[in-house]
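Visitor: Dumping the structure here so I can ask a few things about it.
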Amino acid sequence: MDRFESLSVLLAVVDAGSLSAGARRLRAPLATISRKVADLEKHLGVRLLLRTRRGLALTDEGRAFVAASRRILAELDAAERQASGDYGALRGGLHVTAPIAFGERHLLPIAMEFLKEQPEINLRLTLADRQLNLADERVDVALRIGHLADSALIATRLGTVRRVICASPEYLSRRGMLHQPEDLVMHDGISFQGFATAPEWRYRRDGAAFSIEPRAKLAVNTTEAAIQAALAGIGVIRVLSYQISDHLRSGALQELLTEFAPEPLPVNVVHGLAANLPPKVRCFLDWIAPRLRAAMAE
């Protein structure tokens, strides 16, 4: 039994929440994943996981073993990086992830300038409107929009983005202007899924938050498709400010209900424990953080 592989399989299953989800994450047959977990439990002589109606639950022994496994794999990863020279020079690969539109608009131009300054570094930039697990997918740096869940990751605040409700002038001339959130129930809405912190149809009035949704007219699975539908006059959308800033400036979309907007969402760059960061990661963070703050301020 490859014990390091077994630890990786166990952590993937625990983080995914089930054996089947862990198998999908690892792109391996369910039977193989189930057998590896069973072999590990047999090797240890204890039960690590309990199958419940809601999924998997860790036993007391399982919780302790999972915590130790995370430390072991983190130390192994750090040792491999040090042996390969990552800690001694600004060279090698970097894996960075960000939401699609934010990455294309803000992060990519800054990252390309960084590569010109550091010719020995190779960058893999994964743009996805979902949150990648840094440990499972070996991500060095992630840009996250929204409130962060408690974790061992280190976060640096870059700024905030607003949640914006808008529609095309053509749609508003045809269906009428919105003056208060309650008007939404008489309007068509465009919804989308895929972004883990996608804006909800939430508002604030006199310090209290409440939620009102328009009638579901069109549902799509990408932000860009939702924006194109709004530009075509199909209905009302709620997106993040940077995703439609150009359309607001040009007048192609009109912002609505600004006085009822909820609190802005925080934007953070997150990474692993500072004690284990290679110089190339520290250098990248030092390069992008002030430049992203400036870009967002504009």
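Visitor: Could you tell me which label, among (i) 69, 53, 35; (ii) 55, 44, 38; (iii) 77, 67, 26, carries the value of Cα extents along the principal axes in Å calculated for this structure?
Guide: (i)
Visitor: Consider just the alpha-carbon atoms of the stretch 178-298 and return their Rg together with their Dmax, both in angstrom.
Guide: Cα only, the stretch 178-298: 17.9, 55 Å (Rg, Dmax).
Visitor: What full-extension length gain, to one decimal in nm, is calculated for Ala68 and Leu273 as 0.36 nm per residue of separation minus the Cα-Cα distance?
Guide: Extra length available between Ala68 and Leu273 comes to 72.2 nm.
Visitor: Accessible area per residue, 1.4 Å probe, Å², for the stretch 172-274: what's the number?
Guide: Spelled out: the 1.4 Å probe surface of the stretch 172-274, per residue, equals 48 Å².
Visitor: Separate question: For Leu49, which sequence-distant residues (separation of 5 or more, or a different chain) have an amide H within less than 5 Å of its own amide H, given hydrogens modelled in the peptide plane?
Guide: Amide H neighbours of Leu49: Thr59.
Visitor: I want the antiparallel fraction of DSSP beta bridges within the chain, as a percent rounded to 5.
Guide: About 65 percent, rounded to the nearest 5.
Visitor: Using a Förster distance of 30 angstrom, determine the FRET efficiency expected from the C-beta separation of Arg47 and Arg138, and round it to 0.05.
Guide: E between Arg47 and Arg138, to the nearest 0.05, is 0.55.
Visitor: Residues with beta-carbon under 15 Å from that of Pro169, excluding Pro169: net charge, scoring Lys, Arg +1 and Asp, Glu -1?
Guide: Charge balance in the 15 Å sphere: +1.
Visitor: Suppose all protein chains stay in the model; what accessible area per residue would a 1.4 Å probe give for the stretch 1-43, in Å²?
Guide: 57 Å²
Visitor: Compute the FRET efficiency between Asp206 and Asp15 as 1/(1 + (r/R0)^6), taking r as their Cβ-Cβ distance and R0 = 45 Å, and round to the nearest 0.05.
Guide: 0.65
Visitor: Kindly report, to the nearest 10 Å², the accessible surface of Asp183 as traced by a 1.4 Å probe over protein heavy atoms only.
Guide: 40 Å²
Visitor: Sticking with this one: Largest first, how would Glu5, Glu75 line up by accessible area (1.4 Å probe)?
Guide: Glu75, Glu5
Visitor: Separation of the stretch 11-61 and the stretch 111-137 by C-alpha centroid, Å?
Guide: The stretch 11-61 and the stretch 111-137 have Cα centres spaced 30 Å from each other.
Visitor: Here's something else I'd like to know. Taking 7 Å along the Cα-to-C-beta vector as the label spot, tell me the Glu75-Ala57 distance in nanometres, rounded to one decimal.
Guide: 3.1 nm
Visitor: If you roll a 1.4 angstrom probe over the protein chains with everything in place, what fraction of the accessible area of the chain belongs to carbon and sulfur, to the nearest %?
Guide: 51 percent
Visitor: Using only Cα atoms, tell me the angle between helix 3-16 and the longest principal axis of the chain; keep it within 0 to 90° and round to the nearest 10.
Guide: Approximately 30 degrees, to the nearest 10.
Visitor: For Glu182 and Leu125 in the same chain, what is the full-extension length gain: residue separation times 0.36 nm, less their Cα-Cα distance, in nm?
Guide: Length difference between fully extended and current span is 16.4 nm.
The values are calculated or read from the model by the stated rules, or taken from the named source; none is laboratory data. The shown structure was predicted, so the numbers you read here are calculated from the model rather than taken from an experiment. When we count neighbours, we look across all protein chains shown, and the Cβ atoms used for this are built from the backbone with ideal geometry, even at glycine. The accessibility values were calculated without ligands, DNA or RNA, using every heavy atom of the protein model including side chains. Shrake-Rupley method; radii C 1.70, N 1.55, O 1.52, S 1.80 Å.
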